[in-house]
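Q: Let me begin by handing over the structure; questions about it come next.
The values are calculated or read from the model by the stated rules, or taken from the named source; none is laboratory data. Computed from a prediction, not measured in an experiment: that's the story for all the values here. Glycine gets a Cβ as well: all are built from the backbone with ideal geometry, and neighbour counts include every protein chain shown. Note: accessible area is taken over every heavy atom of the protein model, side chains too, but ligands, DNA and RNA are not part of it. Shrake-Rupley method; radii C 1.70, N 1.55, O 1.52, S 1.80 Å.
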Amino acid sequence: MPPTSAPPPAPRLRALVVDDEAPTLAELTYLLRQDDRIGTLHTAMSGTEALRALETHTVDVVFCDISMPGLDGLDLAKVLARFAERPQVVFVTAYEEHAVDAFELEATDYVMKPVRAERLAEAVRRVVVQHADPSTPPSARPAADDETIPVELGGVTRFIQRSRIRFAKAHGDYARLYTDDGSHLVRISLNALEERWGEHGFVRIHRSTLVSLAHVSAVSMDGGRCLVRVGEDELQVSRRHTRTLRERLVRTAPR
């Protein structure tokens, strides 16, 4: 029997680094050049210069500062979102307050300055995971890649893992995320969360409620109404969503 050949190595990433401060640009470029997963590397010192670079260079990921004169990092990301082949975006910034905006723009990661080599390497790893299948939307990424969600608490941005969220409730165009130690309001709709997290075990049980099946401890009927228990909370399931919930519970039940 012939020996099994090793799988070919993954292609190295084509990257663009954007920062208006020369020392930071040089540091990021140096750190990324030490990473074997990075191939070609281009640089720009403004959002406008970055767009000019992208006219002649195709890249897989843009490592981008946010606070820049003229076209800032968030504006640049909005332009990139309209590309036919959209590169991933990793924000590298000294400011926490933009984390919620980065979440809405589906940034792959949000790295705080001063940049640590190991933290930047983790950002590259996340890019590689998503790049493995460019056609995979954010909602269908591997479950092992537990998404980090920025939330604001008392004027300070905190980060929580998607796996900690028990359920979410609609608040107009916003959603409130419930964990075992409190709740957090985020600037994203429940419909968007359902689309993004549907492949990660979240299911709609009511027009205003999205629940994580991993946190459901019991399902019961009371006077013809279906209820689910999540921790200390008992949530009502609308008639419209009862069948879908049952089907999802059957599919995810251990065999």
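Q: For ALA107, indicate whether it is touching a residue at least 24 places away in the same chain (Cβ under 8 Å), part of a loop (DSSP other than H, G, I, E, B), open to solvent by less than 50 Å² (accessible area, probe 1.4 Å) and under 25 Å from ARG187 (Cβ atoms).
A: Yes, satisfied.
Q: Now for a different question. Of all the residues that make up region 188-215, how many are of a type in the set (A, V, I, L, M), open to solvent by 10 Å² or more (accessible area, probe 1.4 Å) and either touching a Ser or Thr at 6+ places or on another chain (Cβ under 7 Å) or assigned to a helix (DSSP H, G or I) (or both)?
A: 3
Q: May I ask you to verify whether SER163 is modelled with pLDDT of 90 or more, within 30 Å of GLU106 (Cα to Cα) and open to solvent by 60 Å² or more (accessible area, probe 1.4 Å)?
A: Here the answer is yes, as SER163 does meet what is asked.
Q: Got a sec? Which of THR24, THR29, THR56 is open to solvent by 50 Å² or more (accessible area, probe 1.4 Å) and either β-branched (Val, Ile, Thr) or modelled with pLDDT under 95 (or both)?
A: THR56
Q: Something else: Residues in region 4-20 that are modelled with pLDDT under 95 and closer than 22 Å to LEU54 by Cα: how many?
A: Result for region 4-20: 2.
Q: If we keep just the residues of region 216-250 that are in contact (Cβ under 8 Å) with a residue 60 or more places away in the chain and assigned to a strand (DSSP E or B), which is most open to solvent (accessible area, probe 1.4 Å)?
A: It comes out as ASP233.
Q: Okay, moving on. When you check ALA143 against the structure, is it at pLDDT 90 or above, surrounded by fewer than 19 Cβ atoms within 10 Å (Cβ to Cβ) and aliphatic (A, V, I, L, M), yes or no?
A: For ALA143, the condition - at pLDDT 90 or above, surrounded by fewer than 19 Cβ atoms within 10 Å (Cβ to Cβ) and aliphatic (A, V, I, L, M) - is not met.
Q: Are any residues in region 196-214 closer than 13 Å to ARG164 by Cα and in contact with a Phe, Trp or Tyr (Cβ under 7 Å, 6 or more places away or on another chain), and if so, which ones?
A: Correct list: VAL211, SER212.
Q: Report whether or not VAL129 is of a type in the set (A, V, I, L, M), assigned to a helix (DSSP H, G or I) and surrounded by fewer than 20 Cβ atoms within 10 Å (Cβ to Cβ).
A: For VAL129, the condition - of a type in the set (A, V, I, L, M), assigned to a helix (DSSP H, G or I) and surrounded by fewer than 20 Cβ atoms within 10 Å (Cβ to Cβ) - is met.
Q: Name the residues in region 173-187 that are in a strand (DSSP E or B), of a type outside the set (Ser, Thr, Tyr) and either in contact with a His (Cβ under 9 Å, 6 or more places away or on another chain) or in contact (Cβ under 8 Å) with a residue 40 or more places away in the chain (or both), would you?
A: ARG176, LEU177, LEU185, VAL186
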